[in-house]
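Each reported figure results from applying straightforward, stated rules to the coordinates on display, with no laboratory input. Note that the structure is predicted; figures quoted are calculated from it, not measured. As a convention, Cβ positions derive from the backbone with ideal geometry for all residues, glycine included, and neighbour counts pool all protein chains shown.
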Amino acid sequence: MGLNNALSIASTGLSAVQYAMSVSSQNTANASTAGYIAEQPTVMASASGSGVIIAGTRLTVNTQVQSALYAQNSDVSYENTKQNSLSIISSLQGSTSSDPGASGTLSDLLGNVRSSLLSLSSSISSSAAQSTVVSSSNNLVQMLNGLSSGIQQQRQNAQDGVVSSVQDINTNLTTIGALSSKIMTLKTAGKDTADLENQRFTALNSLANDINISWKVSSNGDMSISTADGLALPTRMAPPSGQGVVSNNFPLMTSNAAVSVSSWYPGQGNKNALPGIMLNGVDITQSLKGGSVGANIELRDNILPVMQAQSDSFAYSLASRFQAQGMPLFTDSSGYVPNADQTNLPPQGSLGFAQSIRVSAQYQMTPSLLGADMTGGVLKNVLSNTFGSSLASAPSEGLGASGALRTGYSGQNDIIGLATALTSDQAAQAADASSNLSLAKTTQTSLASQFSSTSGVSVDKEMANVVALQNAYSANAKVISAVQTMFTSLLSAIGG
């Protein structure tokens, strides 16, 4: 081997070592970056045999594990969004207590009203007993008001969450599109694209937290993305004429909205219709499953409206059953017991009645009215009938602004049983959300571990690589030094 060949081999070896060390350094710096995939340097012998050439950097990705992990990330985001919302509803339903009637649940507070009425029946002229009935009734309606208002607040939060997530989706899709364009250009020129591919996967991982997606990378480096049901999501478009940026509404569009008990999706042209998520003028809301978007849509349009319908049905049953026995103790803010229609606001209907139900002003101002009609047996009838199960069933279907909702349990029950059914159903949904989130996180942890071992960065491995590369660098440097010494000696001999 000639000195020139030896010098060429050692020089290209030094360049290869420097390149490999830079890749290892980048891997180590990004070891804790979510979604980062370890990069691997590729070096091969030159065709002429005069050293090595740098063949580019590739990602050490296990695509099957990566796909499963991103799908699980979407599931965790979905369950976490639901659990966060429903846990707030659960906190409004009272707390566990060993003292019966003191836990603050709807059925316990209603039981307190019954107990105060029983006490009143034994001392009908007692002003203290009369005031206790009014006080316990106020506690009941305040709890129902708070629960209903909390449900509506969570619906509003869900709507706001949809808008926020759509903005994130647009950001990630346009980021992926811009990176894909750069990757295709570099691939055409035969240049390294690993860093850009890693940035693109980071954006893709973020996108998966918002919706459940699938993706495909073509041979030219472009990436196509679709929803779980196969709807293609565009990643780039030509900017508007004379501008250099893509609209913030690309590719998905939605809008802010104030959510009320009269709001529903799709609303079919109703003035209270909630906005969908549009793509090129087409409503694709139902195609966006999983992730934070899927959860917020489910909360806004299904879970929370049913909870509101349950509360309204109970409020109507409470007021109408008292009124039927001659004691209109519970009314709306105008002093009326609304009609049974569950699709209209009070007084024409009882939509949203749980938010406006009050203890009647006449009993608030004159508690003695509670004992005024003893000859008619009003109080006795309230205790035996209102709290019994002989009255008309509570509305259990045809509920909500759309008229399409159901409580999910029978309305043929006594009033305390209805309160218990409502609380139990809503608490069960919160418990299920918590359990599902725990299971989803366990699966996510397992997949993340697999992904880390096959595609992630091992700091220990990178440190070992650095040591080996340092030794290789030293060896190549010694060869270059030796060749330089030989050249010097040769030149000296020739010159002498």
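Overview of values
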item: Euclidean distance of C-alpha centroids, segment 63-82 and segment 255-304, integer Å; result: 23 Å
item: Linear extension gain, residue 186 paired with residue 397, 0.36 nm per residue minus alpha-carbon span; result: 69.9 nm
item: Segment 68-444: relative contact order in percent, alpha carbon pairs under 8 Å with at least 6 residues between; result: 23 percent
item: Karplus-derived 3J(HN,Hα), 6.51/-1.76/1.60, for each residue of segment 356-366, Hz, glycine and proline x; result: 10, 4, 9, 6, 3, 4, 5, 7, 5, 7, 9
item: Table column - 3J(HN,Hα) (Hz), segment 420-435, Karplus curve with 6.51, -1.76, 1.60, x for Gly and Pro; result: 5, 4, 4, 4, 5, 5, 5, 5, 5, 5, 5, 5, 5, 4, 5, 5
item: Stretch gain in nm, segment residue 484-residue 164, where the contour uses 0.36 nm per residue and the Cα spacing is subtracted; result: 108.8 nm
item: Centre separation in Å (Cα based) which lies between segment 190-240 and segment 316-360; result: 54 Å
item: Förster radius 22 Å - calculated FRET efficiency between residue 88 and residue 271 (Cβ-Cβ, nearest 0.05); result: 0.15
item: Structure-based [θ]222 nm, the chain - -39500 (n - 2.57) summed over DSSP H runs of at least 4, per residue, nearest 500; result: -19000 deg cm²/dmol
item: Label point distance in nm, residue 122-residue 149, each placed 7 Å from Cα along Cα→Cβ; result: 3.5 nm
item: Simple spin-label estimate for residue 434 and residue 463 in nanometres, 7 Å along Cα-Cβ; result: 4.1 nm
item: Positive-end residue of 324, 214, 457, charge dipole of the chain with Cβ unit charges; result: 457
item: Label-to-label distance, nm, for residues given as residue 324 and residue 427 (7 Å Cα→Cβ offset); result: 2.7 nm
item: Cα gyration tensor shape of the chain, rounded if a/c is under 1.5, else prolate or oblate by comparing a/b with b/c; result: prolate
item: Entries in 441/461; 187/289; 289/461; 82/461; 191/216; 216/289 that, when Cα-Cα distance is taken, lie over 30 Å; result: 187/289; 289/461; 82/461
item: Residue 31/residue 369 FRET efficiency (R0 56 Å; Cβ-Cβ; nearest 0.05); result: 0.15
item: Dipole magnitude of segment 68-444, debye to nearest 20 (Cβ charges: Lys/Arg +1, Asp/Glu -1, about Cα centre); result: 300 debye
